[in-house]
Amino acid sequence: MFEVFYLLDNQIKKEVASYEKLLELSKSKIKFWIDIVDATPDEISRLGDIFELHPVTIEDFADEGTRVKIEVFENYTFIVLYTLSMEDRLTKYEYDVLISENFIITKDTRKDSKILGKLKNDDKALYKILNKGPDFLLHMIMDKIIDAYFCIIEDLDVTVEKIEDELFEKGNKESLKKVIELKRDVSLFKRIVVSEREELLGLLRKESLFVADETKIYFRDNYDSIISIFDSLDSMRDSLIGIQDTYLSYTSNILNEIMKVLTIIATIMMPLTLISGIYGMNFEYMPELKWRYGYYITLTLMFIIGSVMLYYFRKKEWL
């Protein structure tokens, strides 16, 4: 279905529009906003026929998974954005926007917590925004997406600190796995932000994008915010790489310490094993075997050798 919001007699009108109503709006000069909600590919195709949309645009509206992009056509501009949510992992949702001179068409693929859900019920705010033009509504969409990004950055910061503590307290594989997953989430986040940064540059630089010069000032603010997010993600990724490298170095040092102790024990045992091996041979003529105190002398000798080697290792601070 298509939820339509339009200005008429200085008021906001809302309705679930029929194709006849959409056709009527397409021929009018009033400013309006169409939000695509759970529409089928056939319904989107009919919408495309009414507003003379390119087949590629219709396909992008109907499908999900389109890359972040901005496409300029003669009578409209099509933009693909992504909203994000942070639960156990970072999840992305496609947000499509088509802007023209008098209207804007949006499609939010999220099933709940939609970006403009509150705005739809705020007639006063919606009237002011639509009265300024569809380009200002596009700014509001980007602004809300970017605000959500900042919230996710804060959540990621808390998660990074928590996992860092877990990693060095417990030192288990599960904690290291979380660090690797976070690196992937941050990389995904960064790719989206970089693409949207380029989109904003396009909106600021190109002509005939149905964005008024007075509105571009607001997009510059969006651009500054997205740069700040990019810097934060860059720093966070470096931090995660540092945490992973530090942990691997830490575990490597622990392993080296264990191997050093085991090597020292093996080294001490070598001469003792040699002595016990010699006197364990079953030759008939071994003079020491007939000694009355040979057993005690051998044990004492083994003890002295072990003690001397242990003292030497401690003096060298190898233990």
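The values are calculated or read from the model by the stated rules, or taken from the named source; none is laboratory data. This structure is a prediction, so every number in the text was calculated from the model and none was measured. Please note: Cβ atoms are built from the backbone with ideal geometry, for glycine as well, and neighbour counts cover all protein chains shown.
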statement: Within the range 71-115, the residues that are of a type in the set (A, V, I, L, M, F, W, C), free of Cβ contacts under 8 Å to residues at least 60 places away in the same chain and over 16 Å from Glu196 (Cβ atoms) are Phe73, Leu98
- line: Expected output for the range 24-42 (first residue on the phi < 0 side of the Ramachandran plot, partner assigned to a loop (DSSP other than H, G, I, E, B) and among the hydrophobic types (A, V, I, L, M, F, W, C), Cβ below 8 Å, 6+ apart or cross-chain) is Leu25/Ala17; Ile34/Ala17; Asp35/Leu116; Val37/Met1; Ala39/Met1
query: Which residue out of Thr215, Thr251, Thr246 is surrounded by 12 or more Cβ atoms within 10 Å (Cβ to Cβ), touching a His at 6+ places or on another chain (Cβ under 8 Å) and among the polar types (S, T, N, Q)?
result: Thr215
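Restricting attention to helices (runs of 4 or more DSSP H) lying wholly within the range 1-97, give those where 2 or more residues are at pLDDT below 80. Please lay out each step first, then the result.
Numbers: elements: 19-27, 41-51, 55-62.
The helices (runs of 4 or more DSSP H) meeting that bar are 19-27.
When the range 271-285 is examined, which residues are found to be in a helix (DSSP H, G or I) and surrounded by fewer than 10 Cβ atoms within 10 Å (Cβ to Cβ)?
Taking the range 271-285 and keeping what is in a helix (DSSP H, G or I), we get 271-278.
Hit for the range 271-285 is Gly277, nothing else.
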query: If you check Ile58 against the conditions, is it surrounded by 13 or more Cβ atoms within 10 Å (Cβ to Cβ), farther than 30 Å from Glu174 by Cβ, in contact with a strand residue (DSSP E or B) (Cβ under 8 Å, 6 or more places away or on another chain) and not acidic (Asp, Glu)?
result: no
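For Tyr279, indicate whether it is touching a Gly at 6+ places or on another chain (Cβ under 9 Å) and in contact (Cβ under 8 Å) with a residue 60 or more places away in the chain. First the steps, then the outcome.
Details: touching a Gly at 6+ places or on another chain (Cβ under 9 Å): yes; in contact (Cβ under 8 Å) with a residue 60 or more places away in the chain: no.
The answer is no for Tyr279.
Within the range 287-317, restricting attention to residues that are in contact with a helix residue (DSSP H, G or I) (Cβ under 6 Å, 6 or more places away or on another chain) and aliphatic (A, V, I, L, M), which residue is nearest to Ala266 (Cα to Cα)? Show your work before the answer.
Of the residues in the range 287-317, the ones in contact with a helix residue (DSSP H, G or I) (Cβ under 6 Å, 6 or more places away or on another chain) are 288, 294, 302, 305-306, 309, 313.
With the extra rule that they be aliphatic (A, V, I, L, M), the set shrinks to 302, 305, 309.
Numbers: Met302: 14, Ile305: 13, Met309: 11 Å.
Looking at residues that are in contact with a helix residue (DSSP H, G or I) (Cβ under 6 Å, 6 or more places away or on another chain) and aliphatic (A, V, I, L, M), I get Met309.
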message: Can you say whether Asp143 is without any contact (Cβ under 8 Å) to a residue 40 or more places away in the chain, surrounded by fewer than 20 Cβ atoms within 10 Å (Cβ to Cβ), among the charged types (D, E, K, R) and under 30 Å from Ser187 (Cβ atoms), as far as the supplied structure shows?
response: no
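Can you give me the number of residues within the range 124-139 that are touching a strand residue (DSSP E or B) at 6+ places or on another chain (Cβ under 8 Å) and over 17 Å from Ile217 (Cα atoms)? Can you show your working first?
From the range 124-139, those touching a strand residue (DSSP E or B) at 6+ places or on another chain (Cβ under 8 Å) are 126-127, 130-131, 134-135, 137-138; that's our starting set.
Now drop any that are not over 17 Å from Ile217 (Cα atoms), which leaves 126-127, 130-131.
Result for the range 124-139: 4.
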